[in-house]
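Read through the structure below, which is laid out as C-alpha cells, and then see the notes.
The values are calculated or read from the model by the stated rules, or taken from the named source; none is laboratory data. All of these numbers come straight from a predicted model, not from anything done at the bench. No Cβ is skipped: glycine too gets one built from the backbone with ideal geometry, and neighbour counts run over all protein chains shown.
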Amino acid sequence: MNVKKTGLIFFPAFDWAISPSHPEREERLLYTQDQVFEEGLLDLDNVFEFKPGLASTEDINRIHICVPGAESVITESHLISAGGAITAAEKVLTKEVDNAFALVRPPGHHAMRVVHGARGFCNINIEAIMVEYIRHRYGHKRIAIVDTDCHHGDGSQDIFWHDPDTLYISIHQDGRTLYPGSGFPNEFGGPNALGYTINIPLPPNTSDKGFLFALDNLILPILDEFKPDLVINSAGQDNHYSDPITNMNFSANGYAILNERLSPDIAVLEGGYSIESALPYINVGIIMAMAGLDYSFVKEPDYNPREIEQSSQISRYIEEEVSQIYELWKNRHSQKAEMVKNAKYARRSRSIYYDTDGINEEQEETIRICDDCGGMLTIDSKASTGNRIFAVIVPGQSCSTCREKGEKAFESVETGRYDYVYFQDRDRDLFIVK
Amino acid sequence: MILGIDVGGTHTDAVLLDHYEVRKKAKVLTNRENLLDSLLKVTEEILSDEGPEILDRVVLSTTMSTNAIVQDKISKVGMILASGPGLPPSMLTINDDTHFVSGYVNHRGVEVAGIDHDEISKIAEKLRGEGIEHVGIVGKFSSRDPHIETDIGDSIDGKFKHISLGHRMSGNLNFPRRIATTYLNAAVWDTYNSFIDNIKEFVGRFKTDFPIYILKADGGTFEISQSVKCPVQTILSGPAASIMGILSLTNCQEDAIALDIGGTTTDIAIFAGGIPLLEPLGVTIKGHKTLIRGLRTRSIGIGGDSRVTYENGELTVGPERVGPAAAFGGPSPTPTDAMIVLGLTDIGEKEKAEKAIAEIAESMNVPLHDAAETIFHSACETITSSVKDMIDEINNAPVYTVHEMLDGKKIEPNLLYVVGGPAKPMAPRLGDMLGCTTHIPENAEVANAIGASLARTTTELTVLADTEKGTLTIVEEGIQLTIPREFEREDALKICMDKLRERAIKMGAKEDDLEIEITEDQSFNMVRGYYTAGKNIRIKAQVKPGLISNFQKGETR
C-alpha cells in the first residue's frame, strides 16, 4: 500500500442533537472519537487534523433554494458540518494533503435542492455544498460522488439530476425495504444528464462480498470511463451488520477494502447509527485505508464472517443486477433521443415528504432540453408550511441560450402567485430573491 | 529557606531563597558523567556559610532521566502489549522485546477477550531467560478499565525487579503513546532509582529533616519518594524550570509570551491568563511521543551565537552555532556581533565584531550598519514568526462542540517576557514586532533554579462513570467502584475532586496549594433503542501548574 497524506476534519458536535433520544444525537461519534484517539491516529506522521471552517449562507445559496432563507432552515451545527466538508476539499485541492475525510455531523444526503425543512435527519446537503464550493473556487471540475450510505441519497440525486458533469452513484439497501423508498436503477438522471445518476439497490443481508462485487464490476469500471477530476465518497456507515435501523451485513473490514479500492479524494461521513459496535471500527478502518496503512487488524469485537455471509441467491441477484445496470450505462447516449423526442422542455411533478419535520411539498420541475449544458431549470414548489415559491436555476457552464431563457423567466414570473421567487446563477455566483 | 537546584546541560545552578528573596546564588559546571557530583558541589557552595537545618524545602530539577533516554543509557525492557483490534503490531512494536498477548477491553472498558495465563507465563520465562528485569505492560483502552493490565501484572508478579503498568502513567487515551511512556518509565527506572538512592544517602548525612521535591515536565513537583514510582515524569524538566522561573520573577496574570534566548536556541512558551500552557497530549523525547504532561514549549534554532552566512544572494541566520560570537573570538559572524555593531550592546571586542559583519556587508554590497541591521532583523523575525505560528496553532486547535467552535477563547498576548543572554538588546525590537509590552525579569540568570524552588506539586486525575455498567473508574489510581444507576455527574465531580486532593497530598502537595481546575466535564446519555440506558460521565481535574502559596508572583528579588 502507498502511504498517503490524509487530512481529518473531526467534528462530533458533542452538544447538538435533533432530540435527546434521536439517532442523530450528542453520543453518536463519542466512541468513534475514543477509538480514533486511543489508536493514536492523529499522531501518525501522515495524518493531519484540521479544524473545520464555517460554511457561509453564500455557500448554501450556491446550491440550495432554502425557504424562506438559509438562516431559517439551519443551526450553527449545519454550518460547521458543511464547513468541515469544505475544509476537507480545501486541504485536498491546495495539495496540503493527498486525501481528506470529513468526520462530521449532522449529515446531509437527504437534503434536496429545495429545502423547506429537515428530511432524513438532513437539512442541507453538505457534499453538494462542497462540490459547488470546489467549482466556484477552483474552476469547473468533473466530479464523481459515490454514496455508500445504506439509505438512497435522494437529496444528492435530486441536486445532481440534471448535471452531466457530476456522476452520482448510490449503492444502498433496496428502496422497497428501507427509507426513503427510492433509488431504483431506472432513476437514471434527467434528460440532459442521462446515465449520470446510477442507482444500485442491494437486497437486505448483502454482505462484504456483494458490496465489493458491485464495486469491482460496476462502480470502478464506470468511474474509469467517466474519468472524474475528483472522487467523493459519501461515507455512510449504516450498511454495517450491527446497525439498528437497516438490514445489511457489511463489516468494518469491508468498508476499509471498499475505501482502499475506491480511493476517494474526499470522504464525508453520512449516516451510521451503530454508534458503539460499528462506527469506532469502521472509521478507524476508513482513516487507515485512506492513509494507506495496514488495516487488516481493524475488526469489530464480535466480527464473525461466517455468521453474516450472504446467501448464494443474493450473490446471483447482485451479479445479474450489476450486469443490467452496466448495460444501461453503456447505452446512456442513445436513450436521450428516445426519451425526449422533439420536446423543448421536460417536466416532472413530485410529492416530497420531510419526515424529520413533518412537512409535505408539491413540486413541479421544468428543465430546458439542451445539448450544450445541464439546462435551465425552473421549480414551482408549494409546502404544507404555506410557502409557495418559484425558482429559476441557471446551471454551471451554462450555454448562452439557457442563461437568456433563465433571465427572462425570472423577469417575467408573476410574483403575486408566490411568496418568494429565487434566481440562482452558478457561473456568475448570483443568488437573488424577490 | 528554600534551596532550588537546576542541573542543566552545561551549568548546575542553585539558589537559596529566604522569604522569597534570593539570598545566595551558586553556579558550577555540570559533570555529565556524574550528576550527583555537580549536585554536591553546588550544594556545598551554597551552604558554605550555613547549616542544612535552615532548609525548609529542597527542589531539584535534574536531567537524569532525560540524559539516560537521550544517550541510550537505559535498561532492557520486556514489553507485553494487549493490543486488541486496531493498528497492526508492526506499528506498535517499540523494541526487540515487544510481545503481543490476547485480552482487551473496548472503548467503554468492557472486556471483550480475557487474558491467557499460559501465553503470559511463556513470555515471562523468555524475558527472564534473556536477563530482562524490567517489564512494561500496556493494554488497549486500559485508561478506561485497567484490569487487563493488572491481571497480567499479577500473573508475573515477583518474577521481575520492576513492572510498569500503562494506566498508571496517564488517564488519557492514546495507546501508542501509552506504550512509549510505559516503556521509557521502565527503561529509566534503574538509573533514576540509583540516582535517588545516592541523593537520599547524601541528604541522610545532614541529620536534619526537610522535604525534597523533584521537578516534572509540567512545571510541577512531586515528593522524592513518589518520584521513584514514575521517574519518566521527570524528563524535560529543564524547560519547565525556565518557564516557572519567568512566572516567579514576574507578576504575570494575563496572556503572555515568554522567550528564553540562548546562544544556540530560543525556547518559546505561552501563558494563558498567567498559567503556562501544557502540551495537549504529552511531551516528545528522542522521537517518542508520550503521554507525559509537559509545558508547551517550542525550541527553534536561533540564538545570539547562531552562524550568519551570505551565499547566493541569501542571508541565513542559524540554525547552527559554530562557536561564540566573533567579538569573543568565534569563527563566524553572529547576531550578537550585529547587535554590537548597532550599538545595542557593548559586550566583547567591537573591532572583531565589526570585522566579522564587514565580510557580510561586503558580499551583500551594503554599508556595515545596513548589514548589521539586516542580520538583527532577520534573527528577530525568525523568532517572531515562530511565536506567531505557535499562537496560531493554539488558537486553531480543533474543538468538538458547537459552543467552543463559536465562542472559543483565543490567546491574544500583549506582554512579552524575555530572558537569556541577548534579552536586553533584542527585547525592544521583538516587542515592537509582536505588538507587545516587553519585560526583562531581574535575576534571570538563575531563573531556572528559582522556578524549581517555587513550583507547587501538581497532578491530575480521571474519573469515568458508566451507569449502565454500574462502574466508576479512578484511572490513574487503578481503582474501580460499583455505582448505582442514579449516579449523576455531580457525584462524579465530587469524587474526582476528593480523590485528586488525596492524590496531590500523597504526592507532597500542601493543602494551601491545591489550586484545582476541572479540565474535562462531560456527561452523555447512552440511548439504546429509544430509551436511555445510562450515563457515560467523564471528569478530569488537575492541580494547575503554578507557584507555592504565600508567594505573590513577582515578589522574588
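Identify, please: which residue in region B:93-133 is more than 9 Å from chain A (Cβ to nearest Cβ) and in contact (Cβ under 8 Å) with a residue 60 or more places away in the chain and is, among those, surrounded by the most Cβ atoms within 10 Å (Cβ to Cβ)? Looking at residues that are more than 9 Å from chain A (Cβ to nearest Cβ) and in contact (Cβ under 8 Å) with a residue 60 or more places away in the chain, I get B:G109. So for region B:62-73 (the condition being surrounded by fewer than 20 Cβ atoms within 10 Å (Cβ to Cβ) and within 14 Å of another protein chain (Cβ to nearest Cβ)), does at least one residue qualify? Checked against the condition, which is being surrounded by fewer than 20 Cβ atoms within 10 Å (Cβ to Cβ) and within 14 Å of another protein chain (Cβ to nearest Cβ), region B:62-73 yields no hits at all.
Please find, within region B:528-537, the residue that is surrounded by the fewest Cβ atoms within 10 Å (Cβ to Cβ) out of those that are in contact with a helix residue (DSSP H, G or I) (Cβ under 8 Å, 6 or more places away or on another chain) and more than 9 Å from chain A (Cβ to nearest Cβ).
Step one: filter region B:528-537 for residues in contact with a helix residue (DSSP H, G or I) (Cβ under 8 Å, 6 or more places away or on another chain), giving B:535-537.
Right, trim to more than 9 Å from chain A (Cβ to nearest Cβ) and you get B:535, B:537.
On the way: B:K535: 20, B:I537: 24.
Only one residue fits best here, namely B:K535.
If you go through region A:370-403 and keep only what is within 21 Å of A:K341 (Cα to Cα) and either surrounded by fewer than 18 Cβ atoms within 10 Å (Cβ to Cβ) or among the charged types (D, E, K, R) (or both), you end up with A:D371, A:D372, A:T401. Residue check: B:A504 meets all listed conditions (1) part of a strand (DSSP E or B); (2) farther than 30 Å from A:Y273 by Cα but one, namely (1).
Residue-by-condition table, conditions (1) at pLDDT below 95; (2) crowded, with 24+ Cβ neighbours inside 10 Å; (3) in contact with a Lys or Arg (Cβ under 8 Å, 6 or more places away or on another chain):
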site	(1), (2), (3)
A:E58	no, no, no
A:R62	no, no, yes
A:V73	yes, no, no
A:E76	yes, no, no
A:G83	no, yes, no
A:A88	no, yes, no
A:T94	no, no, no
A:D98	no, no, yes
A:F101	no, yes, no
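Applying the criterion of at least 1 residues that are within 14 Å of chain A (Cβ to nearest Cβ), surrounded by fewer than 18 Cβ atoms within 10 Å (Cβ to Cβ) and not acidic (D, E) to the helices (runs of 4 or more DSSP H) found wholly in region B:335-407 leaves B:368-395, B:402-407.
If only one of A:F390, A:F431 is within 26 Å of A:D59 (Cα to Cα) and touching a helix residue (DSSP H, G or I) at 6+ places or on another chain (Cβ under 7 Å), which one is it?
Details: A:F390 fails: touching a helix residue (DSSP H, G or I) at 6+ places or on another chain (Cβ under 7 Å).
The match here is A:F431.
Assess whether B:E381 counts as being under 30 Å from A:F48 (Cα atoms), touching a Ser or Thr at 6+ places or on another chain (Cβ under 9 Å) and of a type outside the set (G, A, S). Spell out how you get there, then give the answer.
Numbers: under 30 Å from A:F48 (Cα atoms): yes; touching a Ser or Thr at 6+ places or on another chain (Cβ under 9 Å): no; of a type outside the set (G, A, S): yes.
So B:E381 fails the test.
Could you look through region A:278-289, keep only residues that are under 11 Å from A:S251 (Cβ atoms) and of a type outside the set (V, I, T), and pick out the one that is nearest to the other protein chains (Cβ to nearest Cβ)? This residue is A:Y281. Residues of region B:480-535 that are small (G, A, S) and touching a residue at least 60 places away in the same chain (Cβ under 8 Å): B:G508, B:A533, B:G534.
Restricting attention to region A:291-312, does a residue exist that is surrounded by 15 or more Cβ atoms within 10 Å (Cβ to Cβ), modelled with pLDDT of 95 or more, within 29 Å of A:F188 (Cβ to Cβ) and touching a strand residue (DSSP E or B) at 6+ places or on another chain (Cβ under 8 Å)? Looking through region A:291-312, at least one residue is surrounded by 15 or more Cβ atoms within 10 Å (Cβ to Cβ), modelled with pLDDT of 95 or more, within 29 Å of A:F188 (Cβ to Cβ) and touching a strand residue (DSSP E or B) at 6+ places or on another chain (Cβ under 8 Å).
Would you be able to tell me the number of residues in region A:19-31 that are surrounded by fewer than 17 Cβ atoms within 10 Å (Cβ to Cβ) and more than 7 Å from chain B (Cβ to nearest Cβ)?
In the first step, residues of region A:19-31 are kept if they are surrounded by fewer than 17 Cβ atoms within 10 Å (Cβ to Cβ); the result is A:19-22.
Now drop any that are not more than 7 Å from chain B (Cβ to nearest Cβ), which leaves A:19, A:22.
Count: 2.
Can you name the helices (runs of 4 or more DSSP H) wholly within region A:131-250 that have at least 3 residues being farther than 30 Å from A:T378 by Cα? Give the derivation first.
On the way: elements: A:154-160, A:208-214, A:220-226.
Once the helices (runs of 4 or more DSSP H) in region A:131-250 are filtered for at least 3 residues that are farther than 30 Å from A:T378 by Cα, what remains is A:208-214, A:220-226.
Among the conditions (1) of a type outside the set (A, V, I, L, M); (2) at pLDDT 95 or above; (3) in contact with a strand residue (DSSP E or B) (Cβ under 9 Å, 6 or more places away or on another chain), the only one that A:R261 does not satisfy is (3).
The set of residues in region A:279-305 that are hydroxyl-bearing (S, T, Y) and under 19 Å from A:L103 (Cβ atoms) comprises A:Y281, A:Y295.
Out of all the residues in region B:510-527, which are under 13 Å from A:E27 (Cα atoms) and either loosely packed, with under 14 Cβ neighbours inside 10 Å or outside the structural domain of B:L464 (by TED's automatic domain parsing) (or both)? Walk me through how you get there before you give the answer.
Residues of region B:510-527 under 13 Å from A:E27 (Cα atoms): B:522-527.
Matches in region B:510-527: none.
With the requirement that a residue be farther than 14 Å from B:P324 by Cα and either at pLDDT below 95 or aliphatic (A, V, I, L, M) (or both), what does region B:346-356 give you? Within region B:346-356, B:D346 is the sole residue that qualifies.
Say we look at region B:193-210 and pick out the residues that are of a type in the set (S, T, N, Q) and within 15 Å of B:T63 (Cα to Cα); which of these is surrounded by the most Cβ atoms within 10 Å (Cβ to Cβ)?
Narrowing region B:193-210 to residues of a type in the set (S, T, N, Q): B:193-194, B:198, B:208.
Okay, now just the ones that are also within 15 Å of B:T63 (Cα to Cα), so B:193-194.
Numbers: B:N193: 16, B:S194: 12.
So, considering only residues that are of a type in the set (S, T, N, Q) and within 15 Å of B:T63 (Cα to Cα), the one surrounded by the most Cβ atoms within 10 Å (Cβ to Cβ) is B:N193.
If you go through region A:306-328 and keep only what is hydrophobic (A, V, I, L, M, F, W, C) and either in a loop (DSSP other than H, G, I, E, B) or outside the structural domain of A:N199 (by TED's automatic domain parsing) (or both), you end up with just A:I308.
Identify all residues within region A:37-48 that are among the β-branched types (V, I, T) and out of contact with any Leu (no Cβ under 7 Å at 6 or more places or on another chain); write none if there are none.
Initially, region A:37-48 is screened for residues among the β-branched types (V, I, T), giving A:47.
Within region A:37-48, no residue meets the criteria.
Across region A:32-52, the qualifying residues are those that are more than 8 Å from chain B (Cβ to nearest Cβ) and surrounded by fewer than 18 Cβ atoms within 10 Å (Cβ to Cβ), and the one among them that is nearest to B:G166 (Cα to Cα) is A:L42. Would you confirm whether any residue within region A:256-266 is in contact (Cβ under 8 Å) with a residue 40 or more places away in the chain and within 14 Å of another protein chain (Cβ to nearest Cβ)? Checked against the condition, which is being in contact (Cβ under 8 Å) with a residue 40 or more places away in the chain and within 14 Å of another protein chain (Cβ to nearest Cβ), region A:256-266 yields at least one hit.
Looking only at residues of region B:134-146 that are of a type in the set (G, A, S) and part of a strand (DSSP E or B), we find that the one that is farthest from the other protein chains (Cβ to nearest Cβ) is B:G136. Can you name the residue in region A:58-89 that is acidic (D, E) and away from chain B (no Cβ under 14 Å) and, of all such residues, is nearest to the chain's Cα centre (by Cα)? Top of the filtered list is A:D59. State which residue is nearest to the chain's Cα centre (by Cα) when the search covers only region B:378-407 and only residues that are modelled with pLDDT of 95 or more and small (G, A, S). Checked region B:378-407; the qualifying residue nearest to the chain's Cα centre (by Cα) is B:S386.
Residue count for region B:150-168 satisfying the condition of being in contact (Cβ under 8 Å) with a residue 40 or more places away in the chain and within 14 Å of chain A (Cβ to nearest Cβ): 1.
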